[in-house]
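Below you'll find the structure, written out as structure tokens, and then a few comments.
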Amino acid sequence: MSKNEKQSKIDLERNLRPAGSYLDSLAEFADLMGTIRQAENAAKELLNETAPVSKAFTPAAGDLKLPDKKGANETDAPGIDQQSGDTSTAGAPGAPTVQTEDAVEKEPTIDELLEKLDTLIGLENIKQSVKSLINYVKIRKLREEKELPNPPLTLHMVFTGNPGTGKTTVARILSELYRAIGVLTKGQLVEVDRSGLVAGFVGQTAIKTSDAVKSALGGILFIDEAYSLAPDVGSGNDFGREAIETLLKMMEDHRDDLIVIVAGYSSPMERFITSNPGLESRFNRYFMFEDYNGDELFEIFISMCGKSEYILDDDAKEFAHEFFCVLYSTRDENFGNARHVRNFFENIVSVHSDRVSALEAHTREDLTTVLREDLEKAAAM
């Protein structure tokens, strides 16, 4: 075979090789891969350096504009939240949605929260106590700004009273109020009872209680029926005491960003607070939630009906008012207050449904009007 024929054969073999197989040695292949990696790294660095600029001037989909003559600090570039400086772009597949000022849920102000407190039915003594407490905290902060001394502050509270008196509702408003005035950083309300703090084995209660407290940092830990953590004397070994000890330690460790509210019936709560000297020293603010009277129970009931668009005729209203006055006057120590109202309302809805479903035709008035006979049947249930 001639020299020219050999060269032609080599050229033909190279043309028939798959892409990427023109390297004659592994060394050449390694050199090529190294060059490719260097190019990729250089491209990534360049993208990272230019990303903020490119994002800031990337218009949202369907909103292409030419930049105006505003200065660099007055940009109206789409995709930028001018309040937070977020440079996320809108419209790109997979990109986070930019929240405009209207889309972001605004946190309520102090005045709005106090107005929300005032709309609660009854609880006049609680409303006044909460407002006094908020005023006290506000003045403390003003004194701090003027470099004036303040006495030690303890905001842990004891809520006493029967169930259904609005203790959890008031605690939730308090958590938001404390966030609004800067006492708490987050303002969430974490609700637990004994089962959320106490475990069934040695050594696990401390862990479970610690986890509950950590979830409430920056807000309020609300412990319902807290007296169940301190059983009667002579009840034997109980892990509730371990929960109390862990709770007290963490209250001290996080006293600047944690508020604990313990709640329950009045007499058992007194026993609970006196069961441990640490509890007595840390809980010195008491809120007594009185039972709702007959008029207040009736008002709560009318509010429940209104929210669900049920309308009572005059005879039904008269029966309901009398019913709640009798319910209040004959209450016992386990009176459920608003819980009784809720149960009565649900019974009425059930009775009303049975009556209306038997009708051949159903008008809007039929579906919304509650009669005295509905209330009478519900009261007998």
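The values are calculated or read from the model by the stated rules, or taken from the named source; none is laboratory data. Because the structure is predicted, anything quoted here is derived from the model rather than measured. Don't worry about glycine lacking a Cβ; one is built from the backbone with ideal geometry, like all the others, and counts go over all protein chains shown.
Candidates Val198, Val202, Val213: the one that is part of a loop (DSSP other than H, G, I, E, B), touching a Ser or Thr at 6+ places or on another chain (Cβ under 9 Å) and assigned by TED's automatic domain parsing to the domain that holds Pro268 is Val198. Listed here are the helices (runs of 4 or more DSSP H) enclosed by region 274-367 that have at least 2 residues being touching a strand residue (DSSP E or B) at 6+ places or on another chain (Cβ under 9 Å) and within 24 Å of Val170 (Cβ to Cβ): 277-282, 294-307. Within region 182-217, being surrounded by fewer than 16 Cβ atoms within 10 Å (Cβ to Cβ) and in contact (Cβ under 8 Å) with a residue 60 or more places away in the chain holds for one residue alone: Thr185. The residues in region 183-222 that are out of contact with any helix residue (DSSP H, G or I) (no Cβ under 8 Å at 6 or more places or on another chain) and acidic (Asp, Glu) can be counted, and the count is 1. Scanning region 301-318 for residues that are over 15 Å from Leu120 (Cα atoms) and either buried (at least 18 other Cβ atoms within 10 Å of the Cβ) or in the same structural domain as Lys127 (by TED's automatic domain parsing) (or both) yields Cys305, Tyr310, Leu312, Ala316, Lys317. For region 102-144, taking the residues that are assigned to a helix (DSSP H, G or I) and in contact with a strand residue (DSSP E or B) (Cβ under 9 Å, 6 or more places away or on another chain), the one that is surrounded by the fewest Cβ atoms within 10 Å (Cβ to Cβ) is identified as Asn125. Here Ser267 passes the criteria (1) farther than 24 Å from Arg342 by Cβ; (2) in contact (Cβ under 8 Å) with a residue 12 or more places away in the chain; (3) among the hydroxyl-bearing types (Ser, Thr, Tyr); (4) in a helix (DSSP H, G or I) except the one numbered (2). Put simply, of Thr185, Thr160, Thr168 the only residue that is part of a loop (DSSP other than H, G, I, E, B) and either among the β-branched types (Val, Ile, Thr) or in contact with a strand residue (DSSP E or B) (Cβ under 6 Å, 6 or more places away or on another chain) (or both) is Thr185.
Between Val158, Val198, Val190, Val130, the distinction of being modelled with pLDDT of 95 or more and either touching a Phe, Trp or Tyr at 6+ places or on another chain (Cβ under 6 Å) or more than 24 Å from Leu248 (Cβ to Cβ) (or both) belongs to Val158 only.
Residue pairs whose Cβ atoms lie under 8 Å apart, separated by 6 or more positions or on different chains, with the first residue in region 273-300 and in contact (Cβ under 8 Å) with a residue 60 or more places away in the chain and crowded, with 20+ Cβ neighbours inside 10 Å and the second part of a strand (DSSP E or B) and of a type in the set (Gly, Ala, Ser), are Phe289/Gly161.
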